[in-house]
Structure formats: C-alpha cells, structure tokens
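This report refers to the structure that appears directly beneath it.
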Amino acid sequence: MLLKDIDKNVDPCDDFYHYACGNYLKTAEPNIMRRFDNVIINKYKQLKAMLEEPATKGPRVFKMVKQLYRQCLDEAALDKQGLGDALKIFKKAGGWPVLEGKRWRAKKFQWAEAMITIQNLGLTGHKLFEIEVNVD
C-alpha cells in the first residue's frame, strides 16, 4: 500500500520526502478528511445552538444539561471557585508538569496510569491531549 506513494522519478538522496510521498496526493481521495471535519463542525454548531436555547423547554434532563452548560461558561463563577478541584484530580493522577514546576519528576510519571486514574474519577469525556492524523 505504501509503495504506491513512492515517486520513483525522484532521487531519494535529493528529496527523500518527495520520493517517499510524492505520489500520495495523486492517489488520495481529495478532501475526504475536510468533508468529515465539516460534518463534525456542523454537528457541534447544532449542539451549541440547542444548548443556548432557553432552559424552559423540553424534558427535565435537557434543562439540567443546559443549566450545566451555562455554569461552565460562567467565567466569573469559575474564577471565584478557583482551581482547587482540578488540582486535586491532577495530584491523584500523579501530578502534571506545568503544575509541579521544579518538583516534577518525569521518570516517576506514567501517563497511561494518569489517564486511567482521571477516567476513574469520572472524567471519561475529557481529554488532556489527543493524537490524530490530519490533512496538512
């Protein structure tokens, strides 16, 4: 599969990237990722519009979700609350470099275990980082 991406008209010593990937764009389906991204973006926009509708309509669970959404956007209340809860979660997960500063010990930190701990604390929908392939 990868062999079809090689451009044999290019000397790998002159331009290895073009040699290894030169035919990729000729065979790749154009804009497939962009089309998928647009679908996701439109769904997020629809969800945002629904969450911003008045909380007086719909079932009780929808009202509660809309209320929670508004609380998450209330920056003044969040600033007043501070980072206490988040700091406790990171401490239970083994710390975090930016929070630990000079006390950070990278050799002791196991990121996979930290992610499991964070998920076990109920934050299954949250990501601290993500690895993915995108169109350049």
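Checked against the criterion of being touching a residue at least 12 places away in the same chain (Cβ under 8 Å) and of a type in the set (G, A, S), the candidates A20, A76, A28 yield just one match: A20. For region 36-43, the condition holds for no residue, the condition being that it is among the aromatic types (F, W, Y), assigned to a helix (DSSP H, G or I) and within 27 Å of N120 (Cα to Cα).
Here G82 meets each of (1) closer than 30 Å to L99 by Cβ; (2) surrounded by 10 or more Cβ atoms within 10 Å (Cβ to Cβ) with one exception, condition (2).
When R70 is tested against (1) in the same structural domain as L47 (by TED's automatic domain parsing); (2) more than 30 Å from F36 (Cα to Cα), just one condition goes unmet, and that condition is (2). What's the number of the only condition in (1) at pLDDT 85 or above; (2) under 19 Å from V133 (Cβ atoms); (3) touching a Gly at 6+ places or on another chain (Cβ under 8 Å) that N9 fails to meet? Tallying (1) at pLDDT 85 or above; (2) under 19 Å from V133 (Cβ atoms); (3) touching a Gly at 6+ places or on another chain (Cβ under 8 Å), N9 fails exactly one: (2). Between L78, L83, the distinction of being hydrophobic (A, V, I, L, M, F, W, C) and farther than 30 Å from T56 by Cα belongs to L83 only. If you scan region 87-132, which residues turn out to be aliphatic (A, V, I, L, M) and either more than 30 Å from D37 (Cβ to Cβ) or modelled with pLDDT of 80 or more (or both)? Scanning region 87-132 gives L87, I89, A93, L99, A106, A112, A114, M115, I116, I118, L121.
At least 2 residues being of a type outside the set (S, T, Y) and over 22 Å from E130 (Cα atoms) is the threshold, and among the helices (runs of 4 or more DSSP H) wholly inside region 51-117 those reaching it are 60-73, 75-81, 84-92.
The values are calculated or read from the model by the stated rules, or taken from the named source; none is laboratory data. Since we're looking at a predicted model, the values are computed, not measured. Positions of Cβ are generated from backbone atoms using ideal geometry, with glycine treated the same way; all protein chains shown enter the neighbour counts.
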